[in-house]
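The values are calculated or read from the model by the stated rules, or taken from the named source; none is laboratory data. Source: prediction; values computed, not measured. Methodologically, a virtual Cβ is constructed for each residue, glycine included, from the backbone with ideal geometry; neighbour enumeration extends over all protein chains shown. Heads up: the accessible areas ignore ligands, DNA and RNA and are worked out on the full protein's heavy atoms, side chains in. Shrake-Rupley method; radii C 1.70, N 1.55, O 1.52, S 1.80 Å.
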Amino acid sequence: MALLHVCQRLQETFGYQLEVVHVNHGLRQSAKQEQQAVEDYCRQHGIPLHLHEESLQTQRRSEDWARSLRYRFFEEVLTQKDTPSWLVTAHTLSDQAETLLFRLTRGCGPRGAVGMTQRRGRYLKPLLAVSREQVEAYCHSQGLAFAQDESNWDERYARNRIRHSVLPQLAEINPQVQQALGEFCTRMEQLQAYLEQQARLLLDSAYCPGGWKLEVLQNAPPALRQQALTRLVEEHRPVRQSDLQRLEALCKGEVRAVQLGQSLTLTVRKGLLCWQETRPCQPEQVAYPAKAGCYEFPGGYHLELEELDLTQTSDHEKFVQSLKRGLNNALDCDRIGENLFLRTRQAGDKYRPRGRNGSKTLKKLWNEQGIPLSQRQCMPLLAVGNQVVWIWNEGTAEHLQPKVGTRKVLLINPSKKELKI
């Protein structure tokens, strides 16, 4: 009511159209009387009213439920406006102090310690520097009638215990405790803005095609690195405190991948922190005789196979041109023989990485690399029986690259369509 009164007084000065939004959550019998008081006030003063009324709730509802309900209605009202509009709420300095203590008790980082900001998108909180006591004093001085929500005295709610027990005890230590906590939130907001700016610069400096250089992130101060990781994840979904712990473990090399959702995984590969598509793929086994042609695999994988006869001048010239890309995607068909298949994995598959004396199972190799299980179903490979001779992202197995005297070569041109996460 104090906020509404102030907005009325300023309306002519600033020339805006004032409207009221009221939500009756149906949590209390007395809420109906409060709703009626708002309706009467708006009718008497000719103020348009947007009203949402829930039926009386038969079960106890959380504060999060109530907040979600009213902000959904707020958004409905805002989306109806053809002109730029702002929704102004009456959160006070006292609310800010309670919010900060509540978040610190549950555990939060710098962003949580910011508390509420005076502006968030189209939402404004102009009373955030004014205490609840000052607001009530204003109402009394202006002769404004207002209602006291009796649920504010229900100490089953943690916020009410902070309001009636914790803050009064802190006020015995510092009578200006609300102002002190509010000023702390302001400083944390400034610090958070600085961290976000530096995190953008860190990600820019670490970025290269395919991901972000892990070494650059590892050398950054922990607080800045966490902010950068938060920024990466928040492009897809909100970050939880447990996510930060797992992402730190990823950067330290303690794990090879962190799955952040059904189709969202961060992994480390070849010194890069990168996103991996983990959209579920078709689980069926895919297999083709490895002949020249183009092939599509689930998950966006695409390969083109080309057979070359190096005894032919034109094929030899084409092979020489391909050497610019290295021999990682070329097979010596003379040593492979027949029964070469292009397929997805099978139980018992083994592969000999380049520079190694022995083979290892694909399961062990992919576990070491942190390849998500959903991707393993889709990644193409070339194999004779259970001996894998070429595999996606690893290339040709040891000793199977073309060499002097090779007559027949199979060139592999892999590409992957980017799937939206």
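Debye sum, Cα scatterers, the range 84-125, no solvent: what log₁₀ I/I(0) at q = 0.15, 0.21 1/Å?
Results for the range 84-125 at q = 0.15, 0.21 Å⁻¹ read -0.40, -0.69.
Would you calculate, for the chain, the mean residue ellipticity at 222 nm contributed by helices, counting each DSSP H stretch of 4 or more residues as -39,500 (n - 2.57) and dividing by all residues, to the nearest 500? Working shown, then result.
Numbers: 16 runs with 170 residues, N = 421.
So the calculated ellipticity at 222 nm is -12000 deg cm²/dmol.
Under the √(5λ) rule applied to the eigenvalues of the Cα gyration tensor, what semi-axes describe the equivalent ellipsoid of the range 308-421? Give them in Å, descending. All intermediate terms of the calculation are to be shown ahead of the outcome.
Numbers: eigenvalues 136, 57, 30 Å².
In descending order the semi-axes read 26, 17, 12 Å.
Output wanted: per-residue J couplings in Hz (rounded whole) for the range 169-184, from phi through Karplus 6.51 cos²θ - 1.76 cosθ + 1.60, θ = phi - 60°, x for Gly and Pro.
After applying 6.51 cos²θ - 1.76 cosθ + 1.60, I find 5, 5, 5, 5, 7, 9, x, 9, 4, 5, 5, 5, 5, x, 5, 4 Hz.
Using 18 Å as the Cα-Cα cut-off, could you pick out the over-long pairs in Lys291/Lys408; Lys318/Lys403; Lys363/Lys416; Lys213/Lys363; Lys213/Lys252? Mind showing how you got there, number by number?
Working: Lys291/Lys408 13 Å; Lys318/Lys403 15 Å; Lys363/Lys416 22 Å; Lys213/Lys363 26 Å; Lys213/Lys252 13 Å.
In this structure, Lys363/Lys416; Lys213/Lys363 lie more than 18 Å apart at Cα.
Let's test this: bin the Cα-Cα distances of the range 6-111 at 5 Å from zero up to the farthest pair and state each bin's percent.
2, 9, 15, 18, 20, 16, 11, 6, 2, 0
Net charge around Gln190, counting only other residues with Cβ within less than 15 Å of its Cβ (Lys, Arg = +1; Asp, Glu = -1)? Walk me through the numbers before you get to the answer.
Details: positive: Arg111, Arg119, Arg187; negative: Glu183, Glu189, Glu196.
For residues surrounding Gln190, the net value is 0.
Which of the listed residues, Ser30, Pro380, Leu214, is farthest toward the dipole's positive end in the chain, when Lys, Arg count +1 and Asp, Glu count -1 at the beta-carbon?
Highest projection toward the positive end goes to Pro380.
Where only protein heavy atoms count, and the probe is 1.4 Å, what is the accessible area per residue for the chain in Å²? List each step's numbers first, then the result.
Values: 23970 Å² over 421 residues.
Ligands and nucleic acids excluded, the result is 57 Å² per residue.
Could you work out the local net charge near His140, counting Lys and Arg as +1, Asp and Glu as -1, over the other residues with Cβ closer than 15 Å to its Cβ?
Details: positive: Arg132; negative: Glu133, Glu136.
Value of the local net charge: -1.
Tell me, what HN-Hα J-couplings in whole Hz come from the Karplus equation 6.51 cos²θ - 1.76 cosθ + 1.60 at θ = phi - 60° for each residue of the range 76-89, using x for Gly and Pro?
Once θ is set to phi - 60°, the couplings for the range 76-89 become 4, 5, 5, 5, 7, 8, 8, 10, x, 9, 10, 10, 9, 10 Hz.
Using +1 at the C-beta of Lys and Arg and -1 at the C-beta of Asp and Glu, which of Gly109, Pro175, Ser62 has the Cα lying farthest in the positive direction of the dipole of the range 59-176?
So the residue we want is Gly109.
Mind listing the phi-derived Karplus ³J(HN,Hα) values for the range 17-30, rounded to whole Hz, using 6.51, -1.76 and 1.60 with θ = phi - 60°, and x for any glycine or proline?
After applying 6.51 cos²θ - 1.76 cosθ + 1.60, I find 8, 9, 9, 10, 10, 10, 10, 9, 6, x, 8, 9, 4, 5 Hz.
Which order, highest average first, do 219-229, 332-342, 235-245 follow once you tally other Cβ atoms within 10 Å for each residue and take the mean per peptide?
On the way: 219-229: 18.3, 332-342: 15.5, 235-245: 12.5.
By packing density, highest mean first, the sequence is 219-229, 332-342, 235-245.
Using unit Cβ charges (K, R positive; D, E negative) and no other charged atoms, how large, in debye to the nearest 20, is the dipole of the range 310-421 about its Cα centre?
On the way: 20 positive and 10 negative charges, 66 e Å.
Dipole about the Cα centre, nearest 20: 320 debye.
How many percent of the accessible area of the chain is carbon or sulfur, using a 1.4 Å probe?
On the way: 12100 of 23970 Å².
Looking at the chain in its full context, I get 50 percent from C and S.
If the convex hull of the alpha-carbon atoms of the range 376-415 is projected onto planes in all directions, what is the mean projected area in square nanometres?
Numbers: hull surface 14.5 nm².
Computing the convex hull of the Cα atoms and averaging its projections yields 3.6 nm².
Rounded to the nearest 20 debye, what is the charge dipole size of the chain about its Cα centre when +1 sits on each Lys and Arg Cβ and -1 on each Asp and Glu Cβ?
Numbers: 56 positive and 48 negative charges, 321 e Å.
Once rounded to the nearest 20, the dipole reads 1540 debye.
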